[in-house]
Amino acid sequence: MGLRPDFLCCRGSSPLDPSTVSKLSLFTSVPRGAIVSLFDVSNIYRVPLMMMEQNLHTMLLQRLRMGPFATKGVDYTTVEDPTPLEESEVISDWIKLADSVDEPESECVIAVVGKYVDQGDAYLSVVKALTHAAIATKQRLRLQWIEASSLNPEEDEVRDTETKKESWDLLKNSDGVVVPGGFGIRGLEGKISAIEYCRKNNVPFLGICLGMQAAVIEYCRNVLGIEKAHSAEFIDELVHDVEDAVIFMPEGDRERMGGTMRLGARETILKEDSRARKLYGKEKVMERHRHRYEVNPALVSKLEEAGLRFVGRNTDSSGERMEVCELNDSNHPYFLAAQFHPEFTSRPELPNPLFLGLLQSCKEIISRKEDTPLVA
């Protein structure tokens with residue numbers, strides 16, 4: 001009695017020896033052809049190819065009685081591949097993807113400025129989205145994790161001057177910067193300082209959710225001259241429609257926190273002459289949201305007059321919302337932020353356009369630096 005497996009997938013550093021396969025087959029009653037060796041490969045994207053080379057995809061079709069195996073009579077020892085996947089466009093594209101991981105043309109250093117950098121998987125979706133974009137642009141991705149509080153000279157939580165210096169050195173030596181989302185005021189001033197550095201020094205920048213809100217606050221303070229500009233999420237005593245750069249959603253409920261977030265896929269309309277529109281290649285996009293606060297529409301006209309364009313907007317029953325903001329190409333190589341979470345729609349073979357744009361901009365800048373001759 002007990003479980004009788006249909007397949008054995010054996011993990012190891014090297015392929016299984018024929019003698020080992022025979023022994024496994026003898027003691028498990030699993031046909032030799034149904035024993036799959038999962039050995040170390042150069043990158044994770046080669047794992048499906050390795051499985052396909054051992055005919056696992058056809059065996060699964062046969063065991064599940066799908067396609068040409070809809071009738072009974074399973075015999076794994078005589079399986080033949082009726083689906084020449086290696087000749088398909090899907091597999092051809094996947095092979096190119098795996099090859100590009102092994103053969104990068106350059107290296108790109110991206111700084112992630114967040115408050116949860118010590119919690120491994122907190123920004124996993126952001127890391128994957130950056131990885132997908134790096135693969136598409138044939139770059140080797142190297143991440144620098146920077147705790148946001150360490151970039152704020154007035155932050156009480158970070159008293160070690162050397163730590164602050166190390167964090168700023170990491171930021172300044174990065175090719176691009178991502179400021180992801182988060183909750184709570186801790187680290188906000190550090191994020192704002194990082195964004196100010198990127199804006200003034202033409203460093204490619206992508207802000208996500210709170211990262212976009214921080215970018216708007218930074219612009220209000222340092223360009224519009226509203227010194228006390230802040231978010232109503234963290235500061236109550238703000239001058240209405242002057243200092244409250246970020247406000248509570250009009251349909252939200254401050255008393256009841258459960259179920260009051262703006263969640264899920266929402267439509268965003270992109271302006272025709274915007275960088276975001278060029279990256280997405282279409283006027284309307286669906287992206288996923290998770291927030292309670294948003295940019296104050298009352299300040300939008302002043303911000304746009306000063307150069308910060310709100311090129312992505314969403315219109316629903318509560319009125320117009322700011323979804324994407326950016327600086328013109330003539331003013332900055334890549335300064336873009338979104339209220340939604342673009343990392344959630346990124347895929348290995350189809351990276352999200354905003355992350356792709358960031359990595360493309362970084363690569364162009366790196367290439368120009370390499371082509372610039374040194375002056376003696």
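The values are calculated or read from the model by the stated rules, or taken from the named source; none is laboratory data. Bear in mind the structure is a predicted one, so any value in this text is a computation, not a measurement. Because the Cβ atoms are built from the backbone with ideal geometry, glycine has one as well, and the counts that use them run over all protein chains shown. Side chains included, ligands, DNA and RNA excluded: accessible areas come from the protein's heavy atoms. Shrake-Rupley method; radii C 1.70, N 1.55, O 1.52, S 1.80 Å.
Key figures for this structure:
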read-out: Length gained when the stretch THR161-GLU349 is fully extended (0.36 nm per residue, less Cα-Cα span); value: 63.4 nm
read-out: Over the chain: helical MRE at 222 nm, DSSP H runs n ≥ 4 each giving -39500 (n - 2.57), nearest 500; value: -10000 deg cm²/dmol
read-out: Helix 188-200 axis, angle to the chain major axis (alpha carbon atoms, nearest 10°); value: 90 degrees
read-out: Theoretical gain in end-to-end length, LEU49 to MET286 [0.36 nm per residue, Cα-Cα removed]; value: 82.2 nm
read-out: Gap separating the Cα centres of the stretch 308-339 and the stretch 94-167, nearest whole Å; value: 24 Å
read-out: Label-point gap, in nm, between ASP40 and ARG368 - each point 7 angstrom along Cα→Cβ; value: 4.1 nm
read-out: In degrees, nearest ten, helix 124-136 long axis to first principal axis of the chain (Cα); value: 80 degrees
read-out: Pairwise label distance in nanometres, ASP118 with ASN201, each label 7 Å out on the Cα-Cβ vector; value: 2.5 nm
read-out: Percent RCO, i.e. relative contact order, over the chain, from Cα pairs under 8 Å lying at least 6 residues apart; value: 14 percent
read-out: With every protein chain in place, the chain: carbon and sulfur % of accessible area (1.4 Å); value: 51 percent
read-out: Gain in span if fully extended, GLU87 to ASP102, counting 0.36 nm per residue against the direct Cα distance; value: 3.2 nm
read-out: Simple Cβ-charge dipole of the stretch 259-356, Lys/Arg +1 and Asp/Glu -1, about Cα centre, in debye nearest 20; value: 240 debye
read-out: Charged-residue dipole, Cβ positions (Lys, Arg, Asp, Glu), the stretch 96-162 about Cα centre, Debye nearest 20; value: 460 debye
read-out: Heavy atoms of MET286: accessible area, 1.4 Å probe, square angstrom to 10; value: 110 Å²
read-out: Loop-located GluC sites (Glu not before Pro) in the stretch 171-233, at most 16 other Cβ atoms within 10 Å (DSSP); value: GLU227
read-out: Spin-label model distance (nm) - LYS302 vs ILE235, 7 Å beyond Cα toward Cβ; value: 1.3 nm
read-out: Pairwise FRET efficiency - LYS172 versus ARG313, Cβ, R0 = 41 Å, nearest 0.05; value: 0.75
read-out: Extreme residue, positive dipole direction of the chain, given options PRO68, TYR280, ALA245 (C-beta unit charges); value: PRO68
read-out: Rg in Å to one decimal, and Dmax rounded to a whole Å, for the chain via C-alpha atoms; value: 25.6, 80
read-out: Test item: Cα-centred dipole of the stretch 135-238, Lys/Arg +1 and Asp/Glu -1 on Cβ, debye; value: 680 debye
read-out: Mean Cβ neighbour count within 10 Å, used as a protection proxy, ranking 134-145, 350-361 highest first; value: 350-361, 134-145
read-out: Partners for LYS369 among lysines (Cα-Cα distance below 22 Å; same-chain residues under 8 apart left out); value: LYS138, LYS172, LYS200
read-out: Angle between the chain longest axis and helix 18-28 axis [Cα atoms, degrees, rounded to 10]; value: 80 degrees
